[in-house]
Amino acid sequence: MAPPRNVVKIAIQMPGAIPQLIQLDQAKPLAAVLKEVCSAWNLNDPEHYALQYADGHRKYITESNRSEIKNGSILSLSIAPDKEAERLLNALQSGNREVKREALSRLARLAPDLTFAGEVINRDGLQRLGAIIEDGDDLGEVLAHGLRAFSELMEHGVVSWETLSSNFVKKVVSYVNMNLMDASVPQLALGLLESLALSSPPLGQLVKQEVPLERLLVHLQVLNQPLQTKAMALLTALLQNASLAERQTMLDFLGQKNLRQFIYKNIIHSPTPLGDEMAHHLYVLQTLILGLLEPRMRTPLDPYNQEQREQLQALRQAAFELDGESQGSGLSADRRRSLCAREFRKLGFSNSNPAQDLQRAPPGLLALDNMLYFSSHAPSAYSRFVLENSSREDKHECPFARSSIQLTLLLCELLHIGEPCSETAQDFSPMFFGQDNSFQELFCVCIQLLNKTWKEMRATQEDFDKVVREQLIRTLALKPTSLELFRTKVNTLSYSEVLRLRQTERMHQEGTMARPILELRERLKPELLGLIRQQRLLRLCEGTLFRKISSRRRQDKVWFCCLSPNHKMLQYGDVEEGMAQPSPESLPDKLPVAEMRALLLGKDCPHIREKGSGKQNKDICELAFSVSYDAGEEEAYLNFIAPSKREFCLWTDGLSALLGGAMGSEQTRMELELLLAMETKLRLLELENVPIPDQPPPVPPPPTNYNFCYDCSIAEP
């Protein structure tokens, strides 16, 4: 007979004692359970003890989280959090360095637990840790454990970062600026300063003033990848909090110190694989660098601005300088204005007044900047482009100015210029770190590609949206590592090649609409959906590393979840960053599939409702899903943030299949269409070049009588 729903079977262990196997009644007070457990081991004062998970995060069991205990959980009997907090804080006062080191080490291990953290904070633990950090008597393990414990306690959000004193911040900064043998101290100090900069703008300004950018560059140039990552994290945090003018100044200084070249050679092309955290920070840095173009992108041309008018004249003169000198000499002012107006039209503006074309924002003045850059850095290509098209008198001319405006707008759209940084994205382009003035150089490559493609497809001015868009999308998706590689790949992707790829993709996707084929596809669907379901469940059995996202910043903590081989249990637990994928047997937590109620997606998830609905959370919302399950009399949730859209589709499909629902992701739809097209073509190989009618042939009328038979015993001669 199955136990009641509010009873779970667990094991409780204690060093030096025989483990107890009990049935935990979730309706019984935790104090009564502890009393029974202590009584079985002849322990007095049960109020001095508490239950902890034996594996993984070793979280304390409380009345508020006891519903998370699953069948088969292994707990350990340990000192109560209030007693343990008091013992460890008293040990910090010891004059024995080894005693203090052990106390700080255990404090750092237990600090991630909210119950224990609350007890430490209530006993002024943060002040004691802060005193150890400010004293800095020991620059080795004692200080490292103190910094780690302090950071973990602050991460709970119980105490505001605003309460930290400027003296404390300056002391932590000093550990970043020192040349220490133990790399863990500056690494932890950098992580603490990053959290502080993102959580408290006033103290973030103090960090920016106290941490020289040269020092961050020193940490970036070491061979210690975790230290590099923390230095890059603080750098991007300081850049994000800076005003646009300050950000420009900081990036100019970093450019003079060859930061871009170092990132390209020693981080992107490092023999060590790039971690997810570093990839995210490189994405943020790229977004911030490209974001400097936003003011120019959103500013329309001012026809009364003398500097902008001179820039337009310089653009015209670069294309028609020789003609202007020969024809313009000795002309009246009216004739000279008429000549300029004609040349502006030849340059590709809609009419003689170019300001009207550049009033559109975006791309605004950024389009003018790109045209000037192209004319000055590739003058021969610029003159050839303009003169070649200005001499054409048919409708297939490619107007340089309008093409440049449209191309600049397209590049801003594809590179997401002006959009806020995502909290989780890692989608950076290596080529932007391999070239100075990368956006302008990319424009120079693309404007020449546009002219080439325009001639290949004999485009007209109505075809602006069709030219080069698909070539750029396909080439950027390949993430070329340099501009030269981008140039090579995008030029091999000619218009005829794009048409061929489209035709190939269409052949893979489209199927005939004949009724027999549609019926065949419907018959094949259940078998192929079963194949997809089997693949999804196998993927869940392999497991995935998920990241924990806080409301203040992107965290580097991960946890692992997988499906048991018999498809009856979800197994999960926290893992250390950089560790190998754990085995299912080592995961401390289990969720029976039979107890799962429903799958929630996006905004319906409880952890998304708690974070709010800001722009920064849009991408997280698209990757969020939760599983609701029975936890005694209440409903609890297991919350996920998928590392990618593909993983989101695979996991939501697999969980839907476990719950007996339909797999409704876009990934399933695409794979089903692909499999249906392949299977249909295989079934129809023998009918190649045989026309299939839309309607089945008519059934002939029945015979006038059924008085006929065939004697099978008569052998044919």
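Scan segment 640-650 residue by residue and report those that are crowded, with 17+ Cβ neighbours inside 10 Å, of a type outside the set (Val, Ile, Thr) and not in a helix (DSSP H, G or I). Don't jump to the end; show me each part of the working.
Within segment 640-650, the subset crowded, with 17+ Cβ neighbours inside 10 Å is 640-643, 647-650.
After this cut, where a residue has to be of a type outside the set (Val, Ile, Thr) as well, the list is 640, 642-643, 647-650.
If the condition is that a residue be crowded, with 17+ Cβ neighbours inside 10 Å, of a type outside the set (Val, Ile, Thr) and not in a helix (DSSP H, G or I), then Phe640, Ala642, Pro643 are the ones that fit.
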Lone unmet requirement of (1) touching a residue at least 60 places away in the same chain (Cβ under 8 Å); (2) buried (at least 23 other Cβ atoms within 10 Å of the Cβ); (3) of a type outside the set (S, T, N, Q) for Phe349: (1)
Subset of segment 256-286 (residues that are open to solvent by 50 Å² or more (accessible area, probe 1.4 Å) and in a loop (DSSP other than H, G, I, E, B)): Lys257, Asn258, His269, Pro271, Thr272, Pro273, Leu274
Odd one out for His416, checked against (1) touching a helix residue (DSSP H, G or I) at 6+ places or on another chain (Cβ under 6 Å); (2) part of a loop (DSSP other than H, G, I, E, B); (3) within 30 Å of Ser270 (Cα to Cα): (1)
Residue list for segment 498-542, restricted to those being open to solvent by less than 50 Å² (accessible area, probe 1.4 Å) and either at pLDDT 90 or above or charged (D, E, K, R) (or both): Arg521, Leu524, Leu528, Gly530, Ile532, Arg536, Leu537, Arg539, Leu540, Cys541
Identity of the residue in segment 334-349, under 50 Å from the mean Cα position of the chain (by Cα) and among the charged types (D, E, K, R), that ends up nearest to Gln313 (Cα to Cα): Glu343
Gly16, sole failed condition from (1) open to solvent by less than 40 Å² (accessible area, probe 1.4 Å); (2) farther than 30 Å from Ile133 by Cβ: (1)
Sole residue being at pLDDT 90 or above, over 30 Å from Leu650 (Cβ atoms), open to solvent by less than 70 Å² (accessible area, probe 1.4 Å) and out of contact with any helix residue (DSSP H, G or I) (no Cβ under 6 Å at 6 or more places or on another chain), chosen from Leu476, Leu485: Leu485
Any chance Thr249 is open to solvent by less than 20 Å² (accessible area, probe 1.4 Å), among the hydroxyl-bearing types (Ser, Thr, Tyr) and part of a helix (DSSP H, G or I): no
Members of segment 407-440 that are charged (D, E, K, R), in contact (Cβ under 8 Å) with a residue 60 or more places away in the chain and either closer than 15 Å to Gln471 by Cα or in contact with a Phe, Trp or Tyr (Cβ under 9 Å, 6 or more places away or on another chain) (or both): Asp427
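The rows are residues; the columns are (1) open to solvent by 40 Å² or more (accessible area, probe 1.4 Å); (2) of a type in the set (D, E, K, R).
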residue: Leu51; (1), (2): no, no
residue: Arg66; (1), (2): no, yes
residue: Asn71; (1), (2): yes, no
residue: Asn90; (1), (2): yes, no
residue: Arg97; (1), (2): yes, yes
residue: Gly140; (1), (2): no, no
residue: Leu147; (1), (2): no, no
Residue within segment 75-87 that is of a type in the set (S, T, N, Q) and open to solvent by 20 Å² or more (accessible area, probe 1.4 Å) present: no
Single residue of segment 570-584 satisfying the filter (free of Cβ contacts under 8 Å to residues at least 40 places away in the same chain, in contact with a strand residue (DSSP E or B) (Cβ under 9 Å, 6 or more places away or on another chain) and closer than 16 Å to Ile74 by Cβ) that is surrounded by the fewest Cβ atoms within 10 Å (Cβ to Cβ): Pro582
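Only one of Glu194, Glu214 is at negative phi, open to solvent by less than 40 Å² (accessible area, probe 1.4 Å) and either in a loop (DSSP other than H, G, I, E, B) or of a type in the set (Asp, Glu) (or both); which?
Details: Glu214 fails: open to solvent by less than 40 Å² (accessible area, probe 1.4 Å).
From the options Glu194, Glu214, the qualifying one is Glu194.
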Residue within segment 394-411 that is under 30 Å from Asn266 (Cβ atoms) and either within 22 Å of the chain's Cα centre (by Cα) or modelled with pLDDT under 90 (or both) present: yes
Subset of segment 445-473 [modelled with pLDDT of 90 or more, over 18 Å from Glu413 (Cβ atoms) and β-branched (Val, Ile, Thr)]: none
Residue within segment 163-186 that is open to solvent by 40 Å² or more (accessible area, probe 1.4 Å) and closer than 25 Å to Glu423 by Cα present: no
Gln205 open to solvent by 50 Å² or more (accessible area, probe 1.4 Å) and in a helix (DSSP H, G or I): yes
Qualifying residue in segment 391-399 (condition: under 30 Å from Leu282 (Cα atoms) and open to solvent by less than 10 Å² (accessible area, probe 1.4 Å)): no
First in segment 268-281 and more than 13 Å from Glu577 (Cα to Cα) and modelled with pLDDT of 90 or more, second anywhere and charged (D, E, K, R) and open to solvent by 20 Å² or more (accessible area, probe 1.4 Å), Cβ under 9 Å, 6 or more apart: Ala279/Asp427; His280/Glu423; His280/Arg554
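Condition (residue is within 17 Å of Glu155 (Cβ to Cβ), in a helix (DSSP H, G or I) and either modelled with pLDDT of 90 or more or in contact with a Phe, Trp or Tyr (Cβ under 9 Å, 6 or more places away or on another chain) (or both)) applied to segment 224-233: is it met by at least one residue?
Initially, segment 224-233 is screened for residues within 17 Å of Glu155 (Cβ to Cβ), giving 230, 233.
Pick out the ones that are also in a helix (DSSP H, G or I) and you get 230, 233.
From what is left, the residues that are either modelled with pLDDT of 90 or more or in contact with a Phe, Trp or Tyr (Cβ under 9 Å, 6 or more places away or on another chain) (or both) are 230, 233.
Yes, segment 224-233 has at least one match.
Evaluate the following for Pro202: is it of a type outside the set (Lys, Arg) and either in contact with a His (Cβ under 7 Å, 6 or more places away or on another chain) or closer than 21 Å to Glu423 by Cα (or both)? Walk me through it before giving the result.
On the way: of a type outside the set (Lys, Arg): yes; either in contact with a His (Cβ under 7 Å, 6 or more places away or on another chain) or closer than 21 Å to Glu423 by Cα (or both): no.
Against the criterion (of a type outside the set (Lys, Arg) and either in contact with a His (Cβ under 7 Å, 6 or more places away or on another chain) or closer than 21 Å to Glu423 by Cα (or both)), Pro202 does not qualify.
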Residue within segment 144-152 that is under 31 Å from the mean Cα position of the chain (by Cα) and more than 24 Å from Gln52 (Cα to Cα) present: yes
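Okay, residues lined up against (1) farther than 12 Å from Leu601 by Cβ; (2) touching a residue at least 40 places away in the same chain (Cβ under 8 Å); (3) hydrophobic (A, V, I, L, M, F, W, C); (4) buried (at least 16 other Cβ atoms within 10 Å of the Cβ):
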position	(1), (2), (3), (4)
Leu638	yes, yes, yes, yes
Thr652	no, yes, no, yes
Gly660	yes, no, no, no
Gly664	no, no, no, no
Thr668	yes, yes, no, yes
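For segment 151-161, check the following and say yes or no: at least one residue is among the β-branched types (Val, Ile, Thr), closer than 27 Å to Lys59 by Cα and in contact (Cβ under 8 Å) with a residue 24 or more places away in the chain. First the steps, then the outcome.
The first filter runs over segment 151-161 and keeps only residues among the β-branched types (Val, Ile, Thr), leaving 158-159.
Imposing the further condition that a residue be closer than 27 Å to Lys59 by Cα reduces the set to 158-159.
Filter once more, so that each one left must be in contact (Cβ under 8 Å) with a residue 24 or more places away in the chain: 158-159.
Scanning segment 151-161 turns up at least one residue that is among the β-branched types (Val, Ile, Thr), closer than 27 Å to Lys59 by Cα and in contact (Cβ under 8 Å) with a residue 24 or more places away in the chain.
The values are calculated or read from the model by the stated rules, or taken from the named source; none is laboratory data. All figures in this text were calculated on a predicted structure; none of them were measured in a lab. Don't worry about glycine lacking a Cβ; one is built from the backbone with ideal geometry, like all the others, and counts go over all protein chains shown. Ligands, DNA and RNA are stripped out before the accessible areas are found, and what is left, the full protein with its side chains, is counted by its heavy atoms. Shrake-Rupley method; radii C 1.70, N 1.55, O 1.52, S 1.80 Å.
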